[in-house]
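Enquirer: Pasting in a structure now, in C-alpha cells, and then I'll have a few things to ask.
What follows is calculated from the coordinates using simple rules that are stated; it is not laboratory data. Keep in mind it's a predicted model, so treat the numbers as computed, not measured. Methodologically, a virtual Cβ is constructed for each residue, glycine included, from the backbone with ideal geometry; neighbour enumeration extends over all protein chains shown.
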Amino acid sequence: MLHPRVAGARWLCAKVSPVNVGILGGTGPLGRGLALRLAATGTSVVLGSRDPERAAVMAAEVVAAWPGETLAIDGAGNAAAAAADVVVMATPWEAAVPTMRDIAEHVAGKVVICVANALVREGSDMLALIPPRGSVAASVAAAAPGALVAAAGHHLPAAVLGDLDRRLVADVLVCSDHPEATATTMALVARIPGLRPLDAGGLASAAAIEAFTAVLVGLNIRYKAHSTLGLAGLDGNSRVPLRTEVPEL
C-alpha cells in the first residue's frame with residue numbers, strides 16, 4: 001500500500017489539471033526558469049513583481065525566446081499573481097517575508113511553495129544564513145498563517161530550468177506541515193519532465209534543505225557546473241514516486 005502522501009500526489013497529478021500558478025518574484029532567474037518549465041507542460045503561469053510593467057515585459061521575453069512552444073505566461077503585480085490557484089514564493093530571501101505580509105489575505109487557504117534560500121557569499125564560499133525561525137519557509141508561514149506553506153525546489157539550477165534545450169534530472173525534496181500542501185507541491189513538481197518529488201517530512205526539514213543549497217552553489221562555483229540533487233537507493237521502491245519521463249533532446 002502506498003504511503004498516503006505519495007498516493008495523494010499521484011492522484012493530484014491526474015485530477016488537479018488544469019491549474020494556474022502565480023510566481024512571486026517571478027522576474028528573477030529562478031522564477032523565470034520555473035515559469036518556463038511549468039508552462040511547457042501546459043500550466044498557466046503568472047509572473048508576479050512589485051513592478052507589473054516589468055513583469056509583463058519579462059513574461060513576453062520568456063515566451064518570445066521559445067517560439068516553437070505554446071507557453072501561457074503572463075506578467076502582473078504580486079497581488080494578481082497571488083490570485084492563482086497555487087502560489088510560488090521565489091523572491092530574494094530577504095524580500096520573502098515582507099512580500100508575504102503584503103499579500104497574506106490573497107493566499108489564505110492556498111498552497112504557497114517557498115523556493116527561497118538565505119545565502120550570502122563570503123570570499124570564495126557560499127554561506128547559509130539561519131533566519132529567526134530556522135528557515136525562510138518557516139518565516140513565510142509565520143507571515144501568512146492562513147496559507148498552507150511548503151518548501152521545495154531549492155536545489156534546482158536556475159540556468160538549466162531556463163533552457164528547455166538542456167536536460168534536467170533531479171530529485172526535489174518537499175516538506176510541509178500540511179499534507180495537502182505536500183501532495184499539491186509534489187504533483188506540480190511531477191509535471192516537469194526529469195523531476196522526482198520526494199516527501200521530506202514537516203516544515204522543520206526546510207532548515208536543512210535550504211542550508212544545503214549553499215553546498216551545491218559552492219560546488220557549482222568551484223567546478224563551473226550546474227549540479228543538483230540526486231538520491232541513490234530509492235529506485236524500485238514502490239513507495240517512491242516515479243520520475244517523470246525525460247524526453248530526448
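Enquirer: As a test of the formula, what do you get for the chain when each DSSP H run with n ≥ 4 contributes -39,500 (n - 2.57) and the sum is divided by the residue count, at 222 nm and rounded to the nearest 500 deg cm²/dmol?
Expert: -11000 deg cm²/dmol
Enquirer: Taking Cα pairs under 8 Å and at least six residues apart, what relative contact order does segment 4-223 come out at, in percent?
Expert: 21 percent
Enquirer: Find the Cα radius of gyration of segment 142-239, compare it with 2.2 N^0.38 Å by division, and give the number to two decimals.
Expert: Output field value: 1.13.
Enquirer: May I pose another question? Mind listing the long-range amide H neighbours of VAL172? Cut-off is under 5 Å, sequence gap 5 or more, other chains count too, H placed in the peptide plane at 1.01 Å from N.
Expert: Result for VAL172 returns ARG196, LEU198.
Enquirer: What distance in nm separates the two pseudo spin-label positions at ASP235 and ALA72, each 7 Å out from Cα along the beta-carbon direction?
Expert: Inter-label distance under the simple model: 3.5 nm.
Enquirer: Per-residue HN-Hα couplings for segment 104-109, Karplus 6.51 cos²θ - 1.76 cosθ + 1.60 at θ = phi - 60°, whole Hz, x for Gly and Pro?
Expert: With coefficients 6.51, -1.76 and 1.60, one gets 4, 5, 7, 10, 4, x Hz.
Enquirer: Which cross-chain or sequence-distant (5 or more) residues have an amide H under 5 Å from the amide H of GLY77, H modelled 1.01 Å from N in plane?
Expert: Close amide H contacts, sequence-distant or interchain: SER49.
Enquirer: Could you rank the peptides 232-239, 182-189, 140-147 by their average count of other C-beta atoms within 10 Å per residue, with the highest value first?
Expert: Taking the mean over residues of other Cβ atoms within 10 Å, the ranking is 182-189, 140-147, 232-239.
Enquirer: Right, next: Can you give me the three principal axis dimensions of the chain from its C-alpha atoms, in Å, biggest first?
Expert: If we take the Cα atoms of the chain, the spans are 48, 43, 41 Å.
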